[in-house]
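S.K.: Have a look at this one before I ask anything.
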Amino acid sequence: MALPVASTRIVRFGVFEVDLKACELRKHGFRIKLAEQPFQVLAFLLERPGEIVTREELRDRLWPGDTFVDFDHGLNNAVMRVREVLLDSSEHPRYVETVPRRGYRFVAPVEETSVPPPVPATIELEGGSTSPASSASNPVLAHTISEHPGVPRWFTSRLAGAIAIVVVGLAALLAFTIHARNVATNQVNATRSTSLVVLPLENLSGDKDQDYFADGMTDELIANLAKIRSLHVISRSTAMTYKGTRKPLSEIARELNVDAVVEGTVMRVGSRVRITAELVQVSTDHHLWADTYESQMGDVLALQNRVSAAIVNEIRINLTPEERERLAKTPAVAPEAYENYLKGLYYWNKRSDENLTRAIGYFERATQLDPNYALAYAGLSDCYAIISAEIFGTMPASEAAPKARAAAVRALELDPTLAEAQTSLATEKFNYEWDWSGAAQGFERAIGLNPSYATAYQRYSLYLIAMGRAQDSFAQIQKARELDPLSLSINFSLGWRLYMARQYDAAITQLKDTLEMDPSYELPHLVAGQAYEQKGNYALAIPELRKAVELSRGTPLMVSALAHAYARSGNRTEAEKLLAQLQAKSMNQYVSPYYFAIVCVGLGRTEEALDWLEKAFGDRSNGLVFLKVEPELDDLRSNSRFIALQQKLEFPVVR
C-alpha cells in the first residue's frame, strides 16, 4: 500500500509566494534571500492576514523566554528586512502595516494552495535494478500498477520503462528548448540596445527629511548606467514622476517603452548605507536579479558601481574596455562632501532662483570638503551656467560666467569623461562667452561621452534654435524627449523652440500638454502667453502672462513679458507701471538690461530699446543669444542699429 503524500503549503500575494515548508520566499518564481528570523516574522503574519499580530506574540514565537536578546532591536531589524525584500515601506504599506504601540498587520490579499512534492528520482525495473535515466518518472504510479490484481509483472515493468523513456524524452526536448531560447536571448541581448528605467529608490529610513538622500542615490544610479553606450536609460525627471506610485511594473514599462525595470530601496543609518535593488525583465515579467549592498558613506560611489555592474551583468550588455574599467573602480568620497552634493542635487532639480542659490551653497561646500570630487564641481558649474540665463537672470554674467567656467574646467581635469561637466562648459560658452563653435563642439562631445544624457541634447537644441537651425533643433529636442518623456523642462523646451520658430499653434498645443502635467509650472504659461500675443489674441495672452508673474512671484523675465503684452494691446498705463516696478527692483538686485529693452519695444520706444540692448551687450546678457529668433524683437529687425548689433555677435551663417 502506498504511503500518503504530504503537501507543501504555498501562500501567494502580489507577485510573491512563500513556501512555508521549504522556508522560501519567491518573486516571479525566483528565490529571494531572506534570513531565518525575518522569514519567520513574515510567515507568522501570513498565518493571520488582516489581523494584528502583537510584538509580544512575535517575541514568543521567535525568541523563547530564556533567550537573552535585545528583542526590540531584533524585531525592528527583522521587519525592516522583510519590507526591504518586498519593496514595501512603513509610510505607504502595501504588505506589512505598522499598528502603533501594538504590532503589525499583513494587509494585502493572500491566497493559499497545496502543491504535491516532487517524486523520487528513480524507477524500479525488472530484476530489481534502477535506471538513472528515468529521473523524471513516477515510482508511486509504477508501484500502484504492479500491485493491481491481474496485472503481470512483465507488463508493469515494460509499462514503467515506456513511461520513463517518454518522460526522459520530454525532459530532453524541454532542456533543448530552454537552451535554444537562452542562446537566442543571449544573442539578442548581445547585439541590441537594451532600454531600462530606474524607478525612484524608496526611502526606508522613516524620515521624510532623508528623501533627498534616496533621490540622490537614484540620480547617481541612473547617471552611472546612462554612461554605458549599449544601454538606453530613461532620464531622471521622467523616472521621478513614478515616485510613490503603485502602478504595476508592466504598465510603467509600457508607458516608457522599456525592456527592464530596476526598483529598490535605500536606507541610511548613521554612517552606513544599504541599497536593495532588483531587476525585472518586463517581457516575461521575470525577476532576473536581486541583492542587497551595504557600505560606509565614504565608499558609496564604489557601492553604486557594484550595483550598476550587477545590473549590466544580468542583462548581458557588451561593455567597452573603458566601461569595464570604470565599473571596476572603487572611488572614495568624503562622507560629508557626498552629503552636501546630494543636497545640492536635490535643490538643483527644483530649478528656481531661490533653489539654485541653495544648490550653489551645497555644491561649494562639497568641493571644499573634497577638492577632488568631480561631480560636485560639475553641479556647481551647471548652477552658475544657467543662473544668469534669460529664464532666471538673477546674477550678472560677469559674475556667473567665470565661476561656471572654472568649476567645469576643474571637473574635467578630475574626470575628462564627465558628460555633465562637458555640457556645463558648453552651456557657459553659449550663454556668456558667445563662443558659438566652441559651444557646438562641447555639446557634441558631451553627447558622445554619454548618449543617454538628455540634458546635453536639450541644451544643444537651444543652441541650434538660437542659431536659426530650427529643424536641427527639433531633432535634438526629440532625442531628449525619448530619453526623458515625462520631463517638464524638456516638454516645455519643445514648446519654446516651436514658439521661436514661429509655429505658434503647435507651440500652444505643446505648452498646454506640459501644463496638464503640472499647472503650477510658470514657464509654459509665459511662452503660451507670448504665442497668443504674437497671434494677436490678447484676451488669452494676458491671463497666461499674469499667471506666469504670479507663479514666479514677479521675476523680471515674467514682468517684462507681461508689460510688453499690455503695451502691444494698447494698455500703456499698465505697461508703464510694470516698467516702473522693474526699475525699482533694479535698485536692490541685478535686473538684466535685456528685460527693459523688451518693455520699450512693446511701448514703441525704439531708440530707448536699442540703448538697453547695447547695454545688454556690454553686460553679455544671455537674452542676446536669441537676437536672431526672438519674435518680440521683430519690430527692430530693419533698424540699422539693430543690424549692427547682430553683426557684432558674429552668429554663424546658416547654410
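S.K.: Return the residues of the range 46-63 that are modelled with pLDDT under 85 and either of a type in the set (A, V, I, L, M) or more than 23 Å from residue 13 (Cα to Cα) (or both); say none if nothing qualifies.
M.R.: 59, 60, 62, 63
S.K.: Taking the range 82-115, which residues are surrounded by 15 or more Cβ atoms within 10 Å (Cβ to Cβ), part of a loop (DSSP other than H, G, I, E, B) and charged (D, E, K, R)?
M.R.: Answer for the range 82-115, where residues must be surrounded by 15 or more Cβ atoms within 10 Å (Cβ to Cβ), part of a loop (DSSP other than H, G, I, E, B) and charged (D, E, K, R): 88, 94.
S.K.: Something else about it: Of all residues in the range 410-456 being of a type in the set (Ser, Thr, Tyr) and farther than 24 Å from residue 620 by Cα, which is farthest from the chain's Cα centre (by Cα)?
M.R.: Only one residue tops the list, namely 417.
S.K.: Among the residues of the range 412-433, write down those that are among the hydrophobic types (A, V, I, L, M, F, W, C) and either touching a Leu at 6+ places or on another chain (Cβ under 6 Å) or more than 15 Å from residue 398 (Cα to Cα) (or both).
M.R.: Hits for the range 412-433 are 412, 414, 418, 419, 421, 425, 426.
S.K.: Could you please tell me which pairs satisfy a Cβ distance under 7 Å, a separation of 6+ or placement on different chains, a first residue in the range 571-584 that is within 15 Å of residue 598 (Cα to Cα), and a second residue that is buried (at least 16 other Cβ atoms within 10 Å of the Cβ) and among the polar types (S, T, N, Q)?
M.R.: Final answer for the pair search is 582/560.
S.K.: Then there's this: Do you know which residues across the range 592-625 are of a type in the set (D, E, K, R) and part of a helix (DSSP H, G or I)?
M.R.: 607, 608, 611, 614, 615, 619
S.K.: Being touching a Leu at 6+ places or on another chain (Cβ under 8 Å) and outside any helix (DSSP H, G or I) is the filter here; which residues of the range 519-557 pass it?
M.R.: Within the range 519-557, 520, 521 qualify.
S.K.: May I pose another question? Give the range 261-270 a look and list any residue that's over 18 Å from residue 219 (Cα atoms) and either assigned to a strand (DSSP E or B) or of a type in the set (Lys, Arg) (or both), or say none.
M.R.: If the condition is that a residue be over 18 Å from residue 219 (Cα atoms) and either assigned to a strand (DSSP E or B) or of a type in the set (Lys, Arg) (or both), then 269 is the only one that fits.
S.K.: Sort out which residues of the range 490-518 are among the aromatic types (Phe, Trp, Tyr) and outside any helix (DSSP H, G or I), and write them in order of number.
M.R.: none
S.K.: Considering only the range 77-115, state which residues are modelled with pLDDT under 80, farther than 23 Å from residue 262 by Cα and within 33 Å of the chain's Cα centre (by Cα).
M.R.: Of everything in the range 77-115, just one residue is modelled with pLDDT under 80, farther than 23 Å from residue 262 by Cα and within 33 Å of the chain's Cα centre (by Cα), namely 77.
S.K.: Within the range 625-645, how many residues turn out to be within 23 Å of residue 430 (Cα to Cα), buried (at least 16 other Cβ atoms within 10 Å of the Cβ) and free of Cβ contacts under 8 Å to residues at least 40 places away in the same chain?
M.R.: 4
S.K.: Kindly list the number of the only condition in (1) loosely packed, with under 12 Cβ neighbours inside 10 Å; (2) modelled with pLDDT of 80 or more; (3) farther than 30 Å from residue 247 by Cβ that fails for residue 66.
M.R.: (2)
S.K.: Tell me, yes or no, whether the range 480-491 has at least one residue that is within 18 Å of residue 565 (Cα to Cα) and surrounded by 24 or more Cβ atoms within 10 Å (Cβ to Cβ).
M.R.: No; the residues of the range 480-491 include none that is within 18 Å of residue 565 (Cα to Cα) and surrounded by 24 or more Cβ atoms within 10 Å (Cβ to Cβ).
S.K.: Only one of (1) in contact with a Lys or Arg (Cβ under 7 Å, 6 or more places away or on another chain); (2) more than 22 Å from residue 594 (Cα to Cα) is not met by residue 427, so which one is it?
M.R.: (2)
S.K.: Also: Considering only helices (runs of 4 or more DSSP H) fully contained in the range 382-469, which possess at least 3 residues that are under 21 Å from residue 646 (Cβ atoms)?
M.R.: 436-449, 454-466
S.K.: OK, next. Is it fair to say residue 306 is under 30 Å from residue 288 (Cβ atoms), in contact with a Lys or Arg (Cβ under 8 Å, 6 or more places away or on another chain) and touching a residue at least 12 places away in the same chain (Cβ under 8 Å)?
M.R.: Answer is no for this residue.
S.K.: Hey, any hits in the range 488-504 for a residue that's under 31 Å from the mean Cα position of the chain (by Cα), within 20 Å of residue 628 (Cα to Cα) and of a type in the set (D, E, K, R)?
M.R.: yes
S.K.: Only one of 288, 279 is in a strand (DSSP E or B), surrounded by 20 or more Cβ atoms within 10 Å (Cβ to Cβ), modelled with pLDDT under 85 and not hydroxyl-bearing (Ser, Thr, Tyr). Can you tell me which?
M.R.: Testing whether each residue is in a strand (DSSP E or B), surrounded by 20 or more Cβ atoms within 10 Å (Cβ to Cβ), modelled with pLDDT under 85 and not hydroxyl-bearing (Ser, Thr, Tyr) leaves just 279.
S.K.: Among (1) closer than 23 Å to residue 216 by Cβ; (2) without any contact (Cβ under 8 Å) to a residue 40 or more places away in the chain; (3) touching a helix residue (DSSP H, G or I) at 6+ places or on another chain (Cβ under 7 Å), there is one condition residue 361 misses while meeting the rest; what is its number?
M.R.: Of (1) closer than 23 Å to residue 216 by Cβ; (2) without any contact (Cβ under 8 Å) to a residue 40 or more places away in the chain; (3) touching a helix residue (DSSP H, G or I) at 6+ places or on another chain (Cβ under 7 Å), only one is false for residue 361: (3).
S.K.: Something else about it: Output the residues belonging to the range 228-260 that are in contact with a strand residue (DSSP E or B) (Cβ under 7 Å, 6 or more places away or on another chain), in a helix (DSSP H, G or I) and modelled with pLDDT under 85.
M.R.: 249
S.K.: Next up: Checking residue 509 against (1) within 20 Å of residue 256 (Cβ to Cβ); (2) over 25 Å from the mean Cα position of the chain (by Cα): exactly one of these is not met. Which one?
M.R.: Exception for residue 509: condition (1).
S.K.: Among the residues that make up the range 295-315, is at least one of them under 27 Å from residue 210 (Cα atoms) and not in a helix (DSSP H, G or I)?
M.R.: yes
The values are calculated or read from the model by the stated rules, or taken from the named source; none is laboratory data. Being a predicted model, the structure only gives us computed values, none of them experimental. Positions of Cβ are backbone-derived with ideal geometry, glycine not excepted, and every protein chain shown enters the neighbour counts.
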